[in-house]
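Asker: Sharing a structure below in structure tokens format, with a few things to ask.
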Amino acid sequence: MQTTLTNLENYWELVVDVWRTGVLGHNVGDILVAIAIFGAFYVLRGLFTRFVIRVADRWVERTETKIDDYIRDAIKSPLRFLFLALGFFFATEYLDFEDTTGQIAEHLNRSLIIVAIFWAIYNCIGPVSRGLRLLERVLTPEILDWLIAGGKTAVVLVAGATILQTWGIQVAPIIAGLGLFGVAVALGAQDLFKNLIGGMSILIERRFGLGDWIKVDGVVEGFVEKIGFRSTLVRQFDRAPVYVPNQKLSDNSVVNYSAMTARRISWKIGVEYRTTHDQLRRIVADIENYLTSTEDFVQPPLAPLFVKVDSFNDSSIDIMVYCFTKSTVWGEWLAVKEALAFRIKQIVEGAGAGFAFPSQSLYVETLPLPADEVAPLLKA
């Protein structure tokens, strides 16, 4: 019995020693209190964020600009993270680390603050840039997207360099090493830089923009969905995506159908040779009257408009119809062209004429058989 009590006393002393020794010179009680402090901040971060955002909402409502609205939305997540960083700071301050552990705790606190600050800046770059109407007037949306991407990359690099400096790691030697490495990579990445320069020339020259319908002979035809640093995403009419290197789009001729101010209709209407002079004049006059009296077509001198008897073909008298529609949208252009086709058919039939089709006439000068024998063959 005495031995059992002695063992229990020894075990209790061991428990008390473990409790007092704890971790890194702090007893388990202090560690639990520090965890409780951090947990309290974790629980209260939602209330704190809502309180700060509510105050920001009152301030935002007094202004007419939208930039402050974007900033408010951008800092929500970093603000919640900063409150957690504050909880970590109070927890480590309570434990009061010393020597190396204290320095590590200080570096961690600094790093968390840096992350929160640069996270907020990173989130603000896009919304603030799009909120500046002046930039949208001076720059194209594509160039603005490139600047936003470049700004975000710069923020990440500066944040990383700042954190490294906080931990006592010199950034200059790393940059120098990367420079030498970059020279070696550049020798094998010439195409990458060519495509990058090609993308910049596309944006500077404003050859096309997002949503434009473009065609590059032998390369691609479709709608532009994204202009990246290396390639441009073009969606073909069959909805298949095509990633085209920017160099091909900058070096080759690009037809931008979306930049058309008007869309052309060029037809040859063939009528029969038996059409009379008066019928031809009536058909030409009625078609021209339809084109000049309909609002769907661009009128001279803004665009040429011709309805003329053009040529005498093998099987038809050709009337040229040359005009431009106001709408350049493919679907609307097709509808206007269809209405014109219906009207031309109505005009030709109304004039008592007909449309010609390829035909041949066979003239027989002599018959090898008597007429009374040929007649039954012709009837057959």
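The values are calculated or read from the model by the stated rules, or taken from the named source; none is laboratory data. On a predicted model such as this, the values are computed, not experimentally measured, just so you know. Glycine gets a Cβ as well: all are built from the backbone with ideal geometry, and neighbour counts include every protein chain shown. Quick note on the areas: whole protein, heavy atoms, side chains included, nothing else; ligands and nucleic acids left out. Shrake-Rupley method; radii C 1.70, N 1.55, O 1.52, S 1.80 Å.
Asker: What's the local net charge at residue 336, with K and R +1, D and E -1, over the other residues with C-beta under 13 Å away? Before the final figure, lay out the partial values.
Answerer: Working: positive: 263, 264, 326, 337, 343; negative: 295, 296, 332, 338.
Residues close to residue 336 contribute a combined charge of +1.
Asker: A further question on this structure: Which residues' amide hydrogens lie under 5 Å from the amide hydrogen of residue 231, considering only partners 5 or more residues apart or on another chain, with H built in the peptide plane?
Answerer: 246
Asker: Between residue 262 and residue 52, what is the label-point separation in nm under the 7 Å Cα-to-beta-carbon projection?
Answerer: 6.0 nm
Asker: Check which residues have an amide H placed less than 5 Å from residue 265's amide H, if you skip close sequence neighbours.
Answerer: 323, 324, 325
Asker: Past the 28 Å Cα-Cα mark, which pairs from 194/215; 152/215; 308/345; 76/194; 152/226?
Answerer: Values: 194/215 21 Å; 152/215 32 Å; 308/345 16 Å; 76/194 40 Å; 152/226 18 Å.
Pairs exceeding the cut-off: 152/215; 76/194.
Asker: Another question about this same structure. Separation between the residue 197 and residue 106 pseudo-spin-labels, each 7 Å from Cα along Cα→Cβ, expressed in nm?
Answerer: 4.9 nm
Asker: Once phi is turned into θ = phi - 60°, what whole-Hz ³J(HN,Hα) does the Karplus curve with 6.51, -1.76 and 1.60 give for every residue of the stretch 85-102, x standing for Gly and Pro?
Answerer: Calculated HN-Hα couplings, in order: 4, 5, x, 5, 5, 5, 5, 6, 5, 5, 6, 6, 5, 10, 6, 5, 4, x Hz.
Asker: Please report the carbon-and-sulfur percent of the accessible area for the stretch 33-123; probe 1.4 Å, protein heavy atoms only, DNA, RNA and ligands left out. Intermediate values should be presented prior to the final figure.
Answerer: Numbers: 3740 of 5860 Å².
Whole-percent figure for carbon plus sulfur exposure: 64.
Asker: Assuming 0.890 mPa s and 25 °C, estimate D for the stretch 236-329 with Stokes-Einstein, Rh taken as the Kirkwood radius over Cα pairs, in µm²/s. Write out the running numbers ahead of the final one.
Answerer: Working: Rh = 16.3 Å.
The Stokes-Einstein estimate is 150 µm²/s.
Asker: Test of the criteria: in the stretch 31-112, which trypsin sites (Lys or Arg not before Pro) are in a DSSP loop and have at most 15 other Cβ atoms within 10 angstrom of their Cβ?
Answerer: Values: sites: 45, 50, 54, 58, 62, 66, 72, 76, 80, 110; in loops: 62, 66.
Here the sparse-neighbourhood loop sites are 62, 66.
Asker: At 0.36 nm per residue, and after removing the present C-alpha to C-alpha distance, how many nm does the segment from residue 73 to residue 35 gain when stretched out fully?
Answerer: Values: separation 38, 0.36 × 38 = 13.68 nm, distance 3.02 nm.
Gain in length upon complete extension: 10.7 nm.
Asker: Related question: Using the Karplus equation 6.51 cos²θ - 1.76 cosθ + 1.60 (θ = phi - 60°), what ³J(HN,Hα) coupling, rounded to whole Hz, does each residue of the stretch 150-165 give in order, writing x for Gly and Pro?
Answerer: Listing the rounded values in order: x, x, 5, 4, 5, 4, 4, 5, 5, 4, x, 5, 5, 5, 4, 4 Hz.
Asker: Counting only heavy atoms of protein chains, what accessible area per residue, in Å², does the stretch 227-281 have with a probe of 1.4 Å? Could you put the intermediate results ahead of the total?
Answerer: Working: 3390 Å² over 55 residues.
For the stretch 227-281, the per-residue accessible area is 62 Å².
Asker: Residue 169 to residue 338: extension gain in nm, 0.36 nm per residue of separation minus the Cα-Cα distance? Don't jump to the answer; show the numbers that get you there.
Answerer: Working: separation 169, 0.36 × 169 = 60.84 nm, distance 7.18 nm.
Contour length minus Cα-Cα distance gives 53.7 nm.
Asker: Suppose R0 equals 22 Å. What FRET efficiency, 1/(1 + (r/R0)^6) with r the Cβ-Cβ distance, do residue 311 and residue 255 give to the nearest 0.05? Write out the running numbers ahead of the final one.
Answerer: On the way: r = 29 Å, r/R0 = 1.30.
That pair, residue 311 with residue 255, gives E of 0.15.
Asker: For residue 297, what residues show an amide H to amide H distance below 5 Å, using hydrogens built from the backbone and excluding near sequence neighbours?
Answerer: Here 326 satisfy the definition.
Asker: So for each of 257-269, 220-232 I average, over its residues, the number of other beta carbons within 10 Å; can you give me the resulting order with the highest mean first? Don't skip to the answer; put the middle values down first.
Answerer: Values: 257-269: 15.0, 220-232: 18.2.
The peptides rank, most packed first, as 220-232, 257-269.
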